[in-house]
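Colleague: Got a structure here, written out as structure tokens. Questions coming.
What follows is calculated from the coordinates using simple rules that are stated; it is not laboratory data. Here the structure is a predicted model, which means the values were calculated and not measured. Every residue, glycine among them, receives a Cβ derived from its backbone with ideal geometry; neighbour counts consider all protein chains shown.
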Amino acid sequence: MTDQPAKNTSQKEANGIVTRRRALMMGAVGASAVVSIKPALAQTAGSVLNCEIPIPGNHVSGGYIAPDGKIVPPDTPGAFAPQGRTFTGEEVKRAIRGGSLPGTSHEESQAYVNYVRRLQHGQSGFTCYASLQMPR
Amino acid sequence: MSQQFKAANPEEIVLHMLDMMSLVFHRPSGLTHIVADPIPAILEVMQQEVSTPAQIAEALENNFDLEEGVDVENVVLARLDEMNALGLVERISE
């Protein structure tokens with residue numbers, strides 16, 4: 001943090017053209033810049049059911065999905081190769097209640113559901129999965 | 001401070017600028033976030049590159065008029081942490 005650029009002057013002054021850059025309010029480290037809207041109505045309507053859970057998410061990077069949902073090295077016996085498919089909240093919800101994800105075998109679907117259950121904050125699909133469990 | 005971040009794919013996000021704020025709709029979660037400066041600017045300078053907070057801070061200093069005396073890099077890191085929790089950016093490495 002010691003190598004600050006010289007000064008925030010307009011870059012095109014050299015050409016004789018002065019373009020003013022937009023002023024940007026940086027705020028403070030502890031001042032949050034986000035307010036999330038989680039409207040109760042939107043949850044009951046389409047948004048939760050239409051949100052998407054990639055299976056697997058891009059944090060998995062090539063691993064297979066074991067029956068218990070854990071990520072295991074490629075070609076582990078009994079584990080499923082990542083298909084890179086995306087399921088909607090509605091599809092996952094039905095699978096959690098005992099159905100199967102569309103286009104998957106029962107065992108594959110169970111592995112994927114277990115994978116979704118293991119999702120953590122910050123991983124692709126977590127927010128969608130979390131919102132499925134919010135009370136209506 | 002070698003943490004690296006990457007913004008979500010453009011097709012996962014709808015960004016709508018209002019006067020003082022921006023709305024970000026995140027398709028995978030179906031959630032909408034109201035965001036203030038400097039978040040839209042951070043997403044703008046990151047594009048799809050894997051970036052460190054220092055690189056983003058430098059890009060902001062080159063592209064915007066910033067207030068004096070602000071610890072830009074640490075503010076950027078704090079905002080990246082917020083966005084990481086929401087899926088708007090992804091932490092690539094610690």
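Colleague: Of the options A:ASN114, A:GLY69, A:ALA33, report the single residue whose Cα projects farthest towards the positive end of the charge dipole of the range A:28-133 (beta-carbon charges: Lys, Arg +1; Asp, Glu -1).
Modeller: Ranked along the dipole, the leading option is A:ALA33.
Colleague: Something else about it: Could you pull out every residue, at least 5 positions away or on a different chain, whose amide H is within less than 5 Å of the one on B:ASP65? Hs are placed 1.01 Å off N in the peptide plane, and Pro or chain starts have none.
Modeller: A:ARG22, A:ALA23, A:LEU24
Colleague: Kirkwood Rh and Cα-based Rg: tell me the resulting Rg over Rh for chain B, rounded to two decimals. Spell out each step's value before the answer.
Modeller: Numbers: Rg = 12.7 Å, Rh = 13.4 Å.
Ratio of gyration radius to Kirkwood radius for chain B: 0.94.
Colleague: Assign unit charges at the C-beta atoms only (+1 for Lys and Arg, -1 for Asp and Glu), then state the dipole size of the range A:28-133 relative to its Cα centre in Debye, rounded to the nearest 20.
Modeller: On the way: 8 positive and 7 negative charges, 61 e Å.
Computed charge dipole of the range A:28-133: roughly 300 debye.
Colleague: A further question follows. How large is the charge dipole for chain B, taken about the Cα centre, if only the Cβ atoms of Lys, Arg (+1) and Asp, Glu (-1) carry charge, to the nearest 20 debye? Kindly include the intermediate steps, with their values, before the conclusion.
Modeller: Working: 4 positive and 17 negative charges, 98 e Å.
Roughly 480 debye, rounded to the nearest 20.
Colleague: Rounded to the nearest angstrom and ordered from largest down, what semi-axes does the equivalent ellipsoid of the range A:28-133 get from its C-alpha gyration tensor (root of 5λ)?
Modeller: Working: eigenvalues 146, 68, 17 Å².
Value: 27, 19, 9 Å, ordered largest first.
Colleague: Moving on. Computed FRET efficiency, Cβ-Cβ of B:LEU18 and B:GLU94, R0 35 Å: what is it to the nearest 0.05? List each step's numbers first, then the result.
Modeller: Numbers: r = 35 Å, r/R0 = 0.99.
The calculated FRET efficiency here is 0.50.
Colleague: For A:ILE55, enumerate residues with amide H under 5 Å from its amide H, sequence gap 5+ or separate chain, H modeled in the peptide plane.
Modeller: The answer is A:ARG85, A:THR86, A:PHE87.
Colleague: Add -39500 (n - 2.57) for each DSSP H run of 4 or more in chain B, then divide by its residues: what number comes out at 222 nm, to the nearest 500 deg cm²/dmol? Numbers along the way, then the final one.
Modeller: Numbers: 3 runs with 34 residues, N = 94.
It lands at -11000 deg cm²/dmol.
Colleague: Would you work out which of B:SER29, B:ALA57, B:PRO40 lies farthest towards the positive end of the dipole of chain B, given +1 charges on the beta-carbon of Lys and Arg and -1 on that of Asp and Glu, about the Cα centre?
Modeller: B:SER29
Colleague: Any chance you could check the Cα centroid distance between the range B:24-42 and the range A:46-84 for me, in angstrom?
Modeller: Measuring centre to centre over Cα atoms gives 26 Å.
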